1. If you take the Cα Rg of chain A and divide it by 2.2 N^0.38 Å, with N the number of residues, what do you get?
2. Take the alpha carbon gyration tensor of region A:90-215, find the square roots of its eigenvalues, order them as a ≥ b ≥ c, and report rounded if a/c is under 1.5; if not, report prolate when a/b exceeds b/c, else oblate.
3. What order do you get for B:190-198, A:154-162, A:67-75, B:257-265 when each peptide is scored by the mean count of other beta carbon atoms within 10 Å, highest first?
4. Taking R0 as 45 Å, what FRET efficiency do you get between A:Gln236 and B:Ser181 from their Cβ-Cβ distance, rounded to the nearest 0.05?
5. Considering Cα pairs under 8 angstrom that are at least six residues apart, work out the relative contact order of region B:132-181 and quote it in whole percent.
6. Keeping every protein chain in place, order A:Tyr291, A:Tyr238, A:Tyr82 by accessible area at 1.4 Å, biggest value first, i.e. largest first.
7. Where q = 0.21, 0.27, 0.30 Å⁻¹, what log10 of I(q)/I(0) comes from the Debye formula for region B:189-247, counting one point per Cα?
8. Helix-only mean residue ellipticity at 222 nm, the protein assembly as shown, DSSP H runs n ≥ 4 weighted -39,500 (n - 2.57), per residue, nearest 500. What is it?
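The values are calculated or read from the model by the stated rules, or taken from the named source; none is laboratory data. Bear in mind that the values here come from a model prediction, so they are computed numbers and not experimental data. With ideal geometry, Cβ positions are generated from the backbone for all residues, glycine too; neighbour counts draw on all protein chains shown. Only protein heavy atoms, including side chains, enter the accessible area calculation; ligands, DNA and RNA are left aside. Shrake-Rupley method; radii C 1.70, N 1.55, O 1.52, S 1.80 Å.
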Amino acid sequence: MASGITEKALKLVQSLPRLSLSNIKNLPHSIKKTKRRRRDRQHGKTHGRGHKGQGQRATLPRLGFEGNNTPFYLQIPKEPYYKDHELRKEYVPVSLLQIQRFVDLGRLNVKEPIDLSSLCNTRLIQVKWEQKQFGVDLLDEGADIFCARLNIEVQKASELTIAAIEKNGGVITTRYYDPHSLHAVVNPAKFFAKGVPIPRCKLPPQNEIAYYSDAKNRGYLADPEKILHARVELAQKYGYALFEYENEEEKEMLLTRKDPRQIFLGLAPGWVVNLKDKVILKPKDPEFVNYYKS
Amino acid sequence: MLKRAFCILSISKNSFAKGSFGNDFSIIHFKSLSTTCRCFQELTQSSVDTLDIDGSKHLPKQRSLPIITSRKLEYVSQYSQPKQAWLESLETVDENKIGLIDLHPDVFGAFPRIDLIHQNIQWQKLYKKISYETLETRAEKRGGGRKPWPQKGMGRARHGSIRSPLWKGGGKAFGPRGPQSYFYMLSNNLRVAGLCSTLSIKFAQNNLHIVDSLEIPSDDPEYMEDLIDTRFWGFSVLFVDDTDMMPRNISLAVQDLPSFNLMPTYGLNVYSMLKHETLVLTLAAVEKLEEKLLYQLHRTERQAKFRLYQ
C-alpha cells in the first residue's frame, strides 16, 4: 500500500491542521441533489411539459414507432440467440494463467489432486449450480507460461489446454457432475453440515456421453489405454516429450483418479461425514450398499 | 566496550532527533540505530550483571535502556517500509523515550482517505439516531369533517375541509412522520479502511503516541494534567489499552477530567479518535489492533451480510 503516492499524501497531511470532527467533510459533489419539480413561481404554468398535445398528456406513441411505417426494429428478422437457454449448460471460464497464479500464491496445493472442490475452496472461483453452471471450462489463456505439474479434474478443456498441462508432466481429466452432486462439490463443508449421505454421481446425459468417453478430451469414461495413445499423439502433434515420473510418490499422486460415481476423493457415495464429531458413518444394510455401489 | 557503545548511541540519537523533526526523514538512519541499540542493550545488561557481582551499587538504578521492541510484522509488502515510532513511558512527567518500535505500513501508513473517514463519522452519528419529529396530517387534525361553505353560489373558492394543507392551521402534507430510525450498516471494508486511514493520519500528524503501559506513579489528577501539558498532548487525550481492566492509578487520575478518557481496544472507533486531539496506545493495544485489522485486510472468506433481524 505504501507507494510513493501514499507517502506524498501523508506528507501533505502532516502540514495540514489536525483532522478533527469540526473540519472533516465529504468530497465535493459526492452527494447528488435530486431535481425537484414543484409547482412554484418558475414551474407553475405548464410545469415544464409545454402546451397541449401528446407531450403534455403523456400519450406519446411507443418507442420506435415510425408513423404507420413498418418500424426498423420489426424489419429485421429475429436471431434466436437465447433459444433453449433453459436447457443449455454453462461452464465458468478458468484460464491456465489463473491456475498458475493460484499455485504460485499457494492457494492451490499441487501435491494433491485438484478437483472442482479445491478450485471452489480457494473462494476465487464460484460455481453456481442454480444458474445452470455445470463446473469449469479450462481455457488455454496463459498456456505458454504455464509451468505447474498437477493432476487436475475439470469439466471442459480444449486441446491446447490439455497439451499445456501434459507438457509439464501433469494429468488432466474431464468429468461430468450432475447438478445434485455439483451442489455438494462446490461447497463441501456446507454439504457435510447437512448430515446427508454423499450422493452417487449420475452418468452424463445422452448428448454429453460422446464428449466424456472420448480419449482426445481425456474424458473420465474413456478407455485408459486409448488415453495413453492420445497422450503420445498430442505430444507428437505439439512437439514435446512426455515427462517421466520422478518418484513413486509423485506417480501415485498423478495417477490418482476418482471413480465415475465418486464425487469426493477418498469418500465413497453413501457415506455420511460428521465434521463435528469427526466421524464417518458408512451404510451397512445390503440394500443401501447395493444402491450406492459403483 | 561500554563507552564505545555509548558513543554509538549518542551519535545515532542525534541523527534520530534530526530525522524525526526535520524534513530529511530517512529510514536508513533508523535501521542502523535499531541494530546498534540492540547491541547496546545486550552490553548494558551484561555490564549491570557484572557490577552487581562486584557489589559496587553506588550507581543509580536504571532501566536497561533503550528498549527496542522487535516486532514481527505480518503481510508486509516488499515495496513498503515499516513505519517507526518512539515507545514512551508515562512513569515521569517529562517526555521520556524508552525505545523504538516498528509499525505496520498498511495500518499506520495507509493512504489518508478523508472521504472514508467522513463516511465512518456520518455512519456513527446516524446509526443510533431516532428522529421523533412528527407533524399531524389533515386526518389527524381535530375537526374539519364539515364542508366550510357550499361548492357554488358563494363567490368564494371551493373548499372541502378547514384542515386542508392549504389552510392556516391545517394538516401538513408530506411532513415528518416519526419516530424514524436512521439505522444502516456501513460495509465492513469501509469500516476497516476508515480505521486504518484515521490511525495513519493521527500518526502522520504526530498525534499518536505509543506507551509501554498505562501505569503511572500516583493517582493525582494534577500529575496527569502536568504530564499532558509538558508533552504538548493538547486538550483532550484518548488512552487505549488492550484490556478493559485499566490500572488503578490512571483510572482515578482521569476520573474527574472529562477530556481525558480511557478505552479498551475493542471500543476504538473513528469518531472517538477524531474527537480527541491525541491518541495514546499501549504496546499491547498496538499488537491487538494490527492483528485485528490485518486479519480483516487479508482475509479470503467473505463475511456474512449484515442483517438487522437475524
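1. Working: Rg = 29.7 Å, N = 294, 2.2 N^0.38 = 19.1 Å.
Compared with the compact-globule rule of thumb, chain A sits at 1.56.
2. oblate
3. Sorting B:190-198, A:154-162, A:67-75, B:257-265 by mean packing, highest first, produces B:190-198, A:154-162, B:257-265, A:67-75.
4. Details: r = 72 Å, r/R0 = 1.59.
Calculated value: 0.05.
5. Relative contact order comes out at 50 percent.
6. A:Tyr82, A:Tyr291, A:Tyr238
7. Debye curve over Cα of region B:189-247, log10 I(q)/I(0) at q = 0.21, 0.27, 0.30 Å⁻¹: -1.01, -1.26, -1.31.
8. Numbers: 21 runs with 217 residues, N = 604.
Computed ellipticity for the protein assembly as shown at 222 nm equals -10500 deg cm²/dmol.
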